[in-house]
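In what follows, a structure is listed as structure tokens, so that the remarks can point back to it.
The values are calculated or read from the model by the stated rules, or taken from the named source; none is laboratory data. Predicted model, so just to flag it, every value in this text is computed and none were measured. Cβ placement follows ideal geometry from the backbone for every residue including glycine, while neighbour counts extend to all protein chains displayed. Heavy atoms of the whole protein, side chains included, go into the accessibility calculation; ligands, DNA and RNA do not. Shrake-Rupley method; radii C 1.70, N 1.55, O 1.52, S 1.80 Å.
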Amino acid sequence: MTIKQSIFREYDIRGIFQEELHALSVKNIGYYLGLEIGKGKVVTIGYDARSHSPLLCDYLTSGLNEAGCSVLDMGMVATPVNYFSNYIEIEGMRSDASIMITGSHNPSEYNGFKITLDKKPFFGEDIYALGRRIASQLREDIPDNPTRQTINVKQPYIDFMVEHFSHLKGLKTAMVIDAGNGVANTVLGDIFDALELHYEGLYMEPDGSFPNHHPDPSVEENLIDLKERLKSYGEIGFAYDGDADRIAVLTHKHNIKGDQMALLYAMKMQNPTVIGEVKCSQVMYDELIRRGAKAIMYKTGHSNLKVKMAQTGADLACEVSGHIFFKHRYFGYDDAIYATLRMLELIADGVDLDKEIEALPQVFSTEEMKVKTSEEEKFLIIDAIKERLKNPPSYFPKIIDIIDVDGVRINFEKGWGLVRASNTTPVLVTRFESTDATLAKVYEEAVNQLIQEAKESL
């Protein structure tokens, strides 16, 4: 049995159960990660609703135990609860690292590991180096030893949220929440009930086969049932991905994207610093600056944004897909449950969400589109595009400037186009925006032609 290097991704470790994540690979991941963490260190582990998550927890624990770590098992939890374990004392102990076993929004046969060491994301070259070390020093003799101590982190998390948002108690706003059969409701219902909030729940029972719809709220078709229920009940709807670190917010009029959420949240902060990923609308950056905030554009990816927040002292960060990171009054990681309560706080303060969204400058933007390529070629194509843009073809619209913090974001006179290589899948990601619907299409066609020419030049 071999260990595929492709499971070691930019932000996490991810693969198909038994085909890529099996006893040999996961024990070795646990062992060599345990050596990285350090002998005698405390590691907290949680897992999502997938049927194979507990077995992977056994394998992972066996490797960590072999490395001399002390393993604390919080059971089935949301990823934000896993992150939370890094910031509290647990039965007289402090966590040195946490590992979340989750396939996030991927299909049910997938699983993986999101890793935090010393409150910092373990990602990028650290993950790639771990993969190389396992490949060169593979151990086939790691014994089964799933011994670990069971702990309760859900209750401290619930207590924190209820205390932090006690002023929301009895809020009359009616809500529909779609947990997508993920793990959001391992804590969400308890928090809402303690705060005496009014809600109806869809697909609240954790079920890793995801029998009702795919747990990815950034895809419109996965919001159909929530939209339908909102027609007859509730003023606002919330949907979550499989591990509850990503949120969708719906009113009767709008599906509020992550960059729009950031503008809403920033309204109640004093001169905040806000980081947006490279896919965020220019409207967000311009509006933040107009309102006296500092706006920073940075790379896509939850690990990248957490690191950038720590470097800059930013108050808030966001991805269009619904990862929202609060350092303002929180710990600086992406938490869809916390983001829900902060949105309800805005409503309680009298903010009209629809009115605020409709007051923003109107732009025409495409959904995120993906161009299939290969792992070997995707970054080469980006390099080829950058080279061609030094002397753009005659058909190309006038370029104002180019931002290359993550791929290529080309600013035109009335909009922008983006092409970047996905760090997790063999695709190029594109997005386009303009104040003119026709120009948005022109930008899209020009960049797509450039992509094709770059591919052919390899």
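Under 8 Å between Cβ atoms, which residue pairs at least 6 apart in sequence (or on different chains) link something in the stretch 214-230 that is under 15 Å from M175 (Cβ atoms) with a partner that is surrounded by fewer than 17 Cβ atoms within 10 Å (Cβ to Cβ)?
D225/N212; R229/E200; L230/H252
Considering the stretch 201-222 alone, what residues qualify as being under 18 Å from the mean Cα position of the chain (by Cα) and assigned to a helix (DSSP H, G or I)? Please lay out each step first, then the result.
Restricting attention to the stretch 201-222, the residues satisfying the condition of being under 18 Å from the mean Cα position of the chain (by Cα) are 214-220, 222.
Residues satisfying the conditions are E220, N222.
Can you name the residue in the stretch 193-211 that is in contact with a helix residue (DSSP H, G or I) (Cβ under 9 Å, 6 or more places away or on another chain) and under 16 Å from S51 (Cα atoms) and, of all such residues, is surrounded by the fewest Cβ atoms within 10 Å (Cβ to Cβ)?
E205
Across the stretch 289-301, which residue is nearest to the chain's Cα centre (by Cα) among those that are of a type outside the set (G, A, S) and open to solvent by 20 Å² or more (accessible area, probe 1.4 Å)?
Top of the filtered list is K299.
Say whether the condition of being part of a loop (DSSP other than H, G, I, E, B), open to solvent by 40 Å² or more (accessible area, probe 1.4 Å), closer than 30 Å to F160 by Cβ and modelled with pLDDT of 95 or more is met by at least one residue in the stretch 394-414.
Within the stretch 394-414, not a single residue is part of a loop (DSSP other than H, G, I, E, B), open to solvent by 40 Å² or more (accessible area, probe 1.4 Å), closer than 30 Å to F160 by Cβ and modelled with pLDDT of 95 or more.
Which of the residues that make up the stretch 416-429 are assigned to a strand (DSSP E or B) and either touching a Lys or Arg at 6+ places or on another chain (Cβ under 7 Å) or surrounded by fewer than 22 Cβ atoms within 10 Å (Cβ to Cβ) (or both)? Show your work before the answer.
To start, the set of residues in the stretch 416-429 that are assigned to a strand (DSSP E or B) comprises 416-421, 427-429.
W416, L418, A421, V427, L428, V429 - these are the residues of the stretch 416-429 that are assigned to a strand (DSSP E or B) and either touching a Lys or Arg at 6+ places or on another chain (Cβ under 7 Å) or surrounded by fewer than 22 Cβ atoms within 10 Å (Cβ to Cβ) (or both).
Step by step: first the residues of the stretch 110-147, then only those that are part of a helix (DSSP H, G or I) and out of contact with any helix residue (DSSP H, G or I) (no Cβ under 7 Å at 6 or more places or on another chain), then the one that is farthest from D334 (Cα to Cα). Which residue is that?
The residue in question is S136.
Residue by residue through the stretch 38-48, note down the ones that are under 26 Å from A244 (Cα atoms) and surrounded by fewer than 24 Cβ atoms within 10 Å (Cβ to Cβ). Spell out how you get there, then give the answer.
Keep residues of the stretch 38-48 that are under 26 Å from A244 (Cα atoms), which gives 42-48.
V42 - this is the single residue of the stretch 38-48 that is under 26 Å from A244 (Cα atoms) and surrounded by fewer than 24 Cβ atoms within 10 Å (Cβ to Cβ).
Evaluate the stretch 260-267: report whether one residue or more is touching a residue at least 12 places away in the same chain (Cβ under 8 Å), in contact with a Ser or Thr (Cβ under 6 Å, 6 or more places away or on another chain) and part of a helix (DSSP H, G or I).
no
Under 27 Å from S209 (Cβ atoms), open to solvent by 30 Å² or more (accessible area, probe 1.4 Å), touching a residue at least 60 places away in the same chain (Cβ under 8 Å) and not in a strand (DSSP E or B): does that describe P107?
Against the criterion (under 27 Å from S209 (Cβ atoms), open to solvent by 30 Å² or more (accessible area, probe 1.4 Å), touching a residue at least 60 places away in the same chain (Cβ under 8 Å) and not in a strand (DSSP E or B)), P107 qualifies.
Inside the stretch 302-314, can you point out the residues that are farther than 24 Å from F113 by Cα and open to solvent by less than 40 Å² (accessible area, probe 1.4 Å)?
Result: A314, single match.
Got a sec? Which of S374, S365, S394 is closer than 21 Å to D286 by Cα and of a type in the set (G, A, S)?
S365
May I ask you to say which residue of G182, G170 is outside any strand (DSSP E or B) and closer than 28 Å to P107 by Cα?
Sole residue among the options that is outside any strand (DSSP E or B) and closer than 28 Å to P107 by Cα: G182.
Mind checking which helices (runs of 4 or more DSSP H) fall wholly inside the stretch 1-94 and carry at least 1 residues that are of a type in the set (F, W, Y) and under 30 Å from D406 (Cβ atoms)?
23-37, 79-84
Of the residues E375, E444, only one is open to solvent by 30 Å² or more (accessible area, probe 1.4 Å) and among the acidic types (D, E); which? Please lay out each step first, then the result.
Details: E444 fails: open to solvent by 30 Å² or more (accessible area, probe 1.4 Å).
Checking each option against the conditions leaves just E375.
May I ask you to say which residue of F113, F84, F122 is closer than 22 Å to Q18 by Cα and buried (at least 23 other Cβ atoms within 10 Å of the Cβ)? If you could, list the steps in order and put the result at the bottom.
Values: F84 fails: closer than 22 Å to Q18 by Cα; F122 fails: closer than 22 Å to Q18 by Cα.
Exactly one residue qualifies, and that residue is F113.
Considering each residue of the stretch 224-256, count those that are of a type outside the set (A, V, I, L, M), surrounded by fewer than 24 Cβ atoms within 10 Å (Cβ to Cβ) and within 30 Å of K306 (Cβ to Cβ), and give that number.
Adding up the residues that qualify gives 3.
Would you check if V71 is crowded, with 20+ Cβ neighbours inside 10 Å and either more than 26 Å from S218 (Cα to Cα) or among the hydroxyl-bearing types (S, T, Y) (or both)?
Here the answer is yes, as V71 does meet what is asked.
Exactly one condition in (1) touching a Ser or Thr at 6+ places or on another chain (Cβ under 7 Å); (2) without any contact (Cβ under 8 Å) to a residue 24 or more places away in the chain; (3) hydroxyl-bearing (S, T, Y) is not met by Y330; state its number.
Among (1) touching a Ser or Thr at 6+ places or on another chain (Cβ under 7 Å); (2) without any contact (Cβ under 8 Å) to a residue 24 or more places away in the chain; (3) hydroxyl-bearing (S, T, Y), Y330 violates only (1).
Quick one: which residue in A248, A244 is in contact (Cβ under 8 Å) with a residue 24 or more places away in the chain, part of a loop (DSSP other than H, G, I, E, B), of a type in the set (G, A, S) and within 20 Å of M343 (Cβ to Cβ)?
Result: A244 is the single residue among A248, A244 that is in contact (Cβ under 8 Å) with a residue 24 or more places away in the chain, part of a loop (DSSP other than H, G, I, E, B), of a type in the set (G, A, S) and within 20 Å of M343 (Cβ to Cβ).
Please verify whether D349 is within 30 Å of T173 (Cβ to Cβ), more than 21 Å from the chain's Cα centre (by Cα) and at pLDDT 95 or above, treating the condition exactly as stated.
In short, yes.
State the number of residues belonging to the stretch 201-229 that are more than 23 Å from H323 (Cα to Cα) and touching a strand residue (DSSP E or B) at 6+ places or on another chain (Cβ under 6 Å).
Number satisfying all stated conditions: 1.
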